[in-house]
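Remarks on the structure that follows.
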Amino acid sequence: MSDTQHGQFDALAALYAMGALGEDERDAFETHLEVCVECVNEVKSLLPVTHGLTHGALPLEAPAALRARVLGEVTGVTPSPREAPAAALLDTRFGALEGSETFAHVVEPPRRGAGLLFWLTATLLVAAAGGGGWYVSELDRQTQGLRANMDAAMQLAKRAELELESVRSAAAEREAVLAIVTGSDVGQLELTGQPLAPRASARALWNAAADMVVLATGLPPLPAGDVYQLWFVLPDAPVSATLVKPGPRGDATVMLKVPDAVTLPTVMALTIEPAGGVDAPTGDVYLLGQPAE
Ligand SMILES: [Zn+2]
């Protein structure tokens, strides 16, 4: 290679690295690359830059399978799964390799000038495969995004289902409550807020079939891990009626079956107890109701 010869190609390396040369120019430049280490180095040094311009980020390494696939696309030969595909393909196309060298060997600089084009092409292919690696990771990112969207949609659907269910059960509950409170033989007991819950109150209503509904309002928020428990306070011992979990505004509507052992009306009390309730009241009394004499 003479200086004169190199001179006319001096400015082409950058265009070549960007794939911006016309066909004739490219052929000429590649022929020159066979004999000019300077141009090979120039193109090589520009590859990361042009690749970065194309893809926004320089990938570190492409998976071997992807590399082989890209090589297959470029060379038009489908790699067979058993061979070292990259080496075999490059062998076919450029005849620059002997035997079954691996791709790792391929990217090492050859000793002879005749291998320069091959080496450069291999470098280009690695860069292209790197682009494939970027594409795969982008695809993976998009897939994860879709999956997240689907999870969110599933959660929305589940929540809608739960809301519908709670609307249904609320309607059923309202009907049951109405059946009790509008019956002909309704008994009732007022429960009043105790010092710990001065704004709380409740009314228990029951019918001859021992169906009871308790409507409470103004209950203080429960400490985490606690629950309200309603009691029939019989002369012998209190009998648990039900657990009460007020809504965010301190309201609660509970229905229960009055136990056979309980003769109404009787004293009723609401206490605060550990979650799950207890057999006998242990906590403070929040509501208390005493039948009028
Ligand atoms: Zn040159």
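Each value in this text was obtained by applying a stated rule to the coordinates, not by laboratory testing. A quick note: this is a predicted structure, and the numbers were derived from the prediction, not measured. Every residue, glycine among them, receives a Cβ derived from its backbone with ideal geometry; neighbour counts consider all protein chains shown.
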### Inter-label distance, nm, simple model (7 Å from Cα along the C-beta direction), ALA237/ASP151
4.9
### Summary
Highest mean packing first, using Cβ neighbours within 10 angstrom, the peptides 165-174, 38-47, 24-33 sort as 38-47, 24-33, 165-174
### Query
Rounded to the nearest 20 Debye, what is the dipole magnitude of region 187-289 about its Cα centre when Lys and Arg each give +1 and Asp and Glu each give -1 at the C-beta?
320
### Task
Please work out the Cα convex hull volume for region 187-289 and give it in Å³ per residue.
86
### Message
Given a Förster distance of 25 Å, report the FRET efficiency between ALA224 and ASP251 from their Cβ-Cβ distance, rounded to the nearest 0.05.
### Response
0.80
### Query
Where Rh denotes the Kirkwood radius from the mean inverse Cα pair distance, what is Rg over Rh for region 234-280?
0.97
### Message
What FRET efficiency comes out for SER166 versus THR192 if R0 is 22 angstrom and r is the Cβ-Cβ distance? Round to the nearest 0.05.
### Response
0.15
### Task
Please give the length that would be gained between ASN41 and HIS6 if that part of the chain were fully extended, namely 0.36 nm times their separation in residues minus their C-alpha to C-alpha distance (nm, one decimal).
11.3 nm
